[in-house]
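**Student:** Let me give you the structure first, and then I'll get to my questions.
The values are calculated or read from the model by the stated rules, or taken from the named source; none is laboratory data. Here the structure is a predicted model, which means the values were calculated and not measured. All Cβ positions, even for glycine, are placed from backbone atoms using ideal geometry, and neighbour counts span all protein chains on display. These area figures cover heavy atoms from the full protein model, side chains too; ligands, DNA and RNA do not enter into them. Shrake-Rupley method; radii C 1.70, N 1.55, O 1.52, S 1.80 Å.
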Amino acid sequence: MHDRRNYINRLHDLVKRKATGSLDTLADKFGVGRSTMSRYIDDFKQEFDAPLAYDRNSRSYYYTEPFEVRVWVEVRRKGE
């Protein structure tokens, strides 16, 4: 869960700053293969209904409309 939360928050941050680079560059940033990164992007778009697109000129993913997402984990001790 921790890794998933980090990937979602990190991907959102990179997209928001238009700093993802190409799919290959983004995959390198995440330390995964191209097909895995493509799957991450597809999952992100579907799960969060993210308005995500790719701009070939700037070579970056971007949001086509204002969008915010943050994922966190709340930790509680048993009995609280």
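**Student:** Starting from residues that are in a helix (DSSP H, G or I) and of a type outside the set (A, V, I, L, M), keep the ones in the stretch 21-33 and report whichever is least open to solvent (accessible area, probe 1.4 Å).
**Tutor:** Among those that are in a helix (DSSP H, G or I) and of a type outside the set (A, V, I, L, M), it is 30.
**Student:** Right, something else. Being touching a Phe, Trp or Tyr at 6+ places or on another chain (Cβ under 9 Å) and open to solvent by 20 Å² or more (accessible area, probe 1.4 Å) is the filter; apply it to the stretch 10-20 and report the residue that is farthest from residue 45 (Cα to Cα).
**Tutor:** The qualifying residue farthest from residue 45 (Cα to Cα) is 18.
**Student:** Pick from 65, 74, 47: which is in a loop (DSSP other than H, G, I, E, B), open to solvent by 60 Å² or more (accessible area, probe 1.4 Å) and modelled with pLDDT under 95?
**Tutor:** Going through 65, 74, 47 in turn, just one is in a loop (DSSP other than H, G, I, E, B), open to solvent by 60 Å² or more (accessible area, probe 1.4 Å) and modelled with pLDDT under 95: 74.
**Student:** Scan the stretch 1-20 for residues that are not hydroxyl-bearing (Ser, Thr, Tyr) and not in a helix (DSSP H, G or I) and report the count.
**Tutor:** 4
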